[in-house]
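No value in this document is a laboratory result; all are computed from the given coordinates. Quick caveat: nothing in here was measured; it's all calculated off a predicted structure. So basically every Cβ, Gly included, is an ideal-geometry build from the backbone, and we count neighbours across all protein chains shown.
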Amino acid sequence: MKQITSLREELTASVFAHEVIQRNPYTKWFKRGEANTEQVIDLVVQFSVFSNHFIPLEAKRMVNAATEEAEKEARLAAEQEAVNANKANANAAAPK
């Protein structure tokens with residue numbers, strides 16, 4: 001049980017410390033409650049599409065990697081893509 005708790009704490013720390021969580025103008029805007037119904041619906045649809053495709057795509061990238069290093073590079077590339085997409089979405093969606 002101690003190992004599971006330690007792993008959970010490690011994962012929680014790494015997720016909450018991630019740039020997408022810490023410096024995200026879109027989620028800060030959303031948290032302030034300024035989203036209208038249309039924007040909330042759009043967010044739910046985008047998240048649904050993302051969540052339905054992300055895990056299978058990541059699994060394919062990792063399985064098809066020839067080496068452990070290639071697998072790590074695939075993961076890092078996916079994280080960077082997520083950061084870039086998040087920044088673009090935040091800039092487009094947040095009111096000026």
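For beta carbons closer than 7 Å, sequence separation of 6+ or different chains, a first residue in the range 47-74 that is over 18 Å from residue 85 (Cβ atoms) and a second that is outside any helix (DSSP H, G or I), the qualifying pairs are 71/65. Among the residues making up the range 1-38, those that are over 20 Å from residue 78 (Cα atoms) and either in contact with a Pro (Cβ under 9 Å, 6 or more places away or on another chain) or not in a helix (DSSP H, G or I) (or both) are 1, 29, 32, 33, 34, 35, 36.
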